[in-house]
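Laboratory data are not the source of any read-out in this text; all were calculated from the coordinates shown. Every value quoted in this text rests on a predicted model; they were computed, and no experiment measured them. Counting neighbours? That spans all protein chains shown, and the Cβs are built from the backbone with ideal geometry, glycine included.
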């Protein structure tokens, strides 16, 4: 199980991503002041047990705005999912974990990549660490 709170564990996150470059990366962009995010965080963290092959990252955008690149967040939670080919999903989701679960089950190595989002999160983490 790989679960990281980015602003508290940035060096460990960067090392994990270096050691596992092809792992499915599931990032949740949030804010500490957001009550919806606070409620969603527990469900997001429990998802790590169901997806031990993935790397789940909780990113507080006010603590680590550099992980957003040039993107702005309009709605919380906003998720970014990357596989070895790149970003396969970026955008807000309703704060019900079953929506993310369904989305994760639909992703495969052949999922098309999208050009939206902050870009290569692995590179952004490495630069910030």
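A straight line joining the Cα centroids of segment 59-125 and segment 6-47 runs 11 Å. Site pair residue 85 and residue 20 shows an inter-label distance of 2.1 nm when each label is modelled 7 Å from Cα along Cα→Cβ. Over segment 33-90, what portion of Cα pair distances is larger than 18 Å, expressed as a whole percent? The share of Cα pairs beyond 18 Å in segment 33-90 comes to 41 percent. Residue ranges 74-80, 26-32 sort as 26-32, 74-80 when ordered by packing (mean number of other C-beta atoms within 10 Å per residue, highest first). Between residue 126 and residue 1, the C-beta separation translates, for a Förster distance of 22 Å, into a calculated FRET efficiency of about 0.50. Here's the picture: a label point sits 7 Å out from the Cα of residue 53 along the beta-carbon direction, and within segment 20-40 the residues with their amide nitrogen under 18 Å of it are 20-27.
For a paramagnetic label modelled on residue 9 (point 7 Å from Cα along Cα→Cβ), amide N atoms under 15 Å away belong, within segment 36-76, to 41-60. Peptides 47-53, 2-8 ranked from most to least packed by the mean count of surrounding Cβ atoms within 10 Å: 2-8, 47-53. If you run the Gaussian network model on the chain, springs between alpha carbon atoms under 10 Å, then out of 96, 110, 20 the most flexible one is 110. Over all pairs of different C-alpha atoms, segment 2-128 has a mean inverse distance whose reciprocal, the Kirkwood radius, equals 14.4 Å.
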